[in-house]
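Values quoted throughout were computed directly from the atomic coordinates according to the rules given, and no laboratory measurement underlies them. What you see is a predicted model, and the numbers here were worked out from it, not measured in a lab. Cβ placement follows ideal geometry from the backbone for every residue including glycine, while neighbour counts extend to all protein chains displayed.
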Amino acid sequence: MTDVLEGLLLDEFAVVTRAELCGIGRITPEELDALTALGVIKPRDDGYPAVCLGLVRRAARLKRGLEADWELVAVIMDLLQEIEALQDEVRSLKARHPQPRATHDTPPETS
């Protein structure tokens, strides 16, 4: 089996079609409908935001890896997104309020 590295350069305004999302995401149209119904991805009038590509691929990996149904995958995706948001917030807070570095001075010896 040959591994293929896929690369796409997408900006925040890029849109993909339903067929592209299914093909690149390696899911069926019915699975795409399930993810849409569960709110994992949100289509626009002109297609799907390109950021959905990563979400669909992640969801498909979770479904296969955990042998889970789409409802469980949706819950896991929501929790992962919440964790990422909290991690971003912690990084932001640390950047605004740096902690002084602890010193490892040894106390003077007493006799």
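What fraction, in whole percent, of alpha-carbon pairs in the stretch 10-98 exceed 17 Å separation?
Tail of P(r) above 17 Å: 52 percent of Cα pairs.
How much length is gained on full extension from Arg57 to Asp33, taking 0.36 nm per residue of separation minus their Cα-Cα distance?
Using 0.36 nm per residue and subtracting the Cα-Cα distance, I get 7.2 nm.
Say each of Gln81 and Arg64 gets a label point 7 Å from the Cα, pointing the same way as Cα to Cβ; how far apart are those two points in nm?
Placing both labels 7 Å beyond Cα along the Cβ direction yields 2.3 nm.
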